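Input: a single structure, listed below in structure tokens.
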Amino acid sequence: MNLLKDLNFNTENKTPLYLQIANCITDNIARGNIKNDTKLPSINVFSKEYNVSRDTVEKAYKVLKSKSIIVGKKGLGSFINTNELVSKASVLFLINKLSPYKLKVYDAFINRIGDDYHTDFEVYHCNESLFLSLIDKNLNKYDYYVIMPHFKILSPEEASIKSESTKLINSIPSNKIILLDNNDMNIDGDIIEIYQDFENDIYRSLKEGFNKIKKYNKINLIISKGETYPYLNKICNGFIKFCNEFSFDFKIINKVDESEIIEPGNLFITITDDHLVSLLDCISANKELNLGENVGVISYNETPFKRLLNIAVISTNFVKMGESAANMILNNKKGRRKNPFVFIDRSSV
């Protein structure tokens, strides 16, 4: 029997040896070096010829069997069991919530990655326990793990869970990890990371729009009370930094409704679309207010709805985020890259 070709693995690599073996076999299948129904060396033969332990080979074969890449035939051995789906590289795409922004990233990723990759989609709704469960049950089943790590932190207990999430992500081989959007997970190794720098992004984009913003006397940032995410704290920090540097009167508020007094000379920055709609309703109901003249609005994250209403935005490029992640996989590149973030000037300021 001819032994397998191009199996490149070593004991100094951070990735466990059994996963290196499984990955090498999968890569050879994808390149066409190993054909369907090819019989694999027995565990004993593989162990002897490649100088690895029987347990390591057995674990590698077990991973491949769990993904239906190989099948055992009683009395005959283990055989390659590829089909159109299995022969593709597999991706788990895990997002924190269903939103138009996150779906833009996913759609851009799918469009760019092409038909040679099979992608499964999961949502964990910012619930860290669900996140832990999804990662744990899918360990060693995918070639790539694309993760948007955003969690609510409401208590010391939830903060401790976050350390468990970091530990679990670190158990994935680093060459399979793609982190999107959030860069505070402190994941080890040579990974792919396309991130927003929330604190500096809002600070720099407001500076970019300073010539329009300077006509207002007061800037109000609207963030929902009780929603505690690390990225919201970073947005607040960047906002405060800008206001202090340019000596703006400012306020952080939780909502805007009919009871809120909206005075001329105020600029509002909304994070959620719900707050934007409520704010626009209040402004339109006050005949003394003229949007873009004596009251201003800037919204966080670009959408077609905001383009249609001519609302100024500060936003990352979600399409670029998805495309960049796919391009780095396709080109076998690693590294951390900040995603573009801009101020889009419109008539609401």
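The values are calculated or read from the model by the stated rules, or taken from the named source; none is laboratory data. This structure is a prediction, so every number in the text was calculated from the model and none was measured. Here Cβ is always computed from backbone atoms with ideal geometry, including for glycine, and neighbour counts include all displayed protein chains. The accessibility values were calculated without ligands, DNA or RNA, using every heavy atom of the protein model including side chains. Shrake-Rupley method; radii C 1.70, N 1.55, O 1.52, S 1.80 Å.
Assorted remarks:
- Residues (β-branched (V, I, T) and closer than 16 Å to Y18 by Cα) located in segment 65-82: I69, I70
Residues are listed down the side, and each one gets a yes or a no for (1) modelled with pLDDT of 90 or more; (2) of a type in the set (S, T, N, Q):
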| site | (1), (2) |
| --- | --- |
| D37 | no, no |
| P41 | yes, no |
| F46 | yes, no |
| K74 | no, no |
| A89 | no, no |
| N96 | yes, yes |
| L103 | yes, no |
| D115 | no, no |
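- Residue within segment 135-144 that is within 22 Å of I329 (Cα to Cα), hydroxyl-bearing (S, T, Y) and either open to solvent by less than 30 Å² (accessible area, probe 1.4 Å) or in contact (Cβ under 8 Å) with a residue 40 or more places away in the chain (or both) present: yes
- Looking at segment 41-118, the strands (runs of 3 or more DSSP E) lying wholly inside it that each contain 1 or more residues that are open to solvent by 80 Å² or more (accessible area, probe 1.4 Å) sit at 70-73.
- Given (1) modelled with pLDDT of 90 or more; (2) within 30 Å of R346 (Cα to Cα); (3) open to solvent by less than 20 Å² (accessible area, probe 1.4 Å), index of the condition N182 fails: (1)
- When residues of segment 119-134 are limited to those that are under 23 Å from Y300 (Cβ atoms) and open to solvent by less than 40 Å² (accessible area, probe 1.4 Å), the one modelled with the lowest pLDDT: C126
- Residue list for segment 244-270, restricted to those being within 20 Å of K225 (Cβ to Cβ), of a type outside the set (D, E) and free of Cβ contacts under 8 Å to residues at least 40 places away in the same chain: F250, K251, I252, I253, N254, K255, V256, S259, I261, I262
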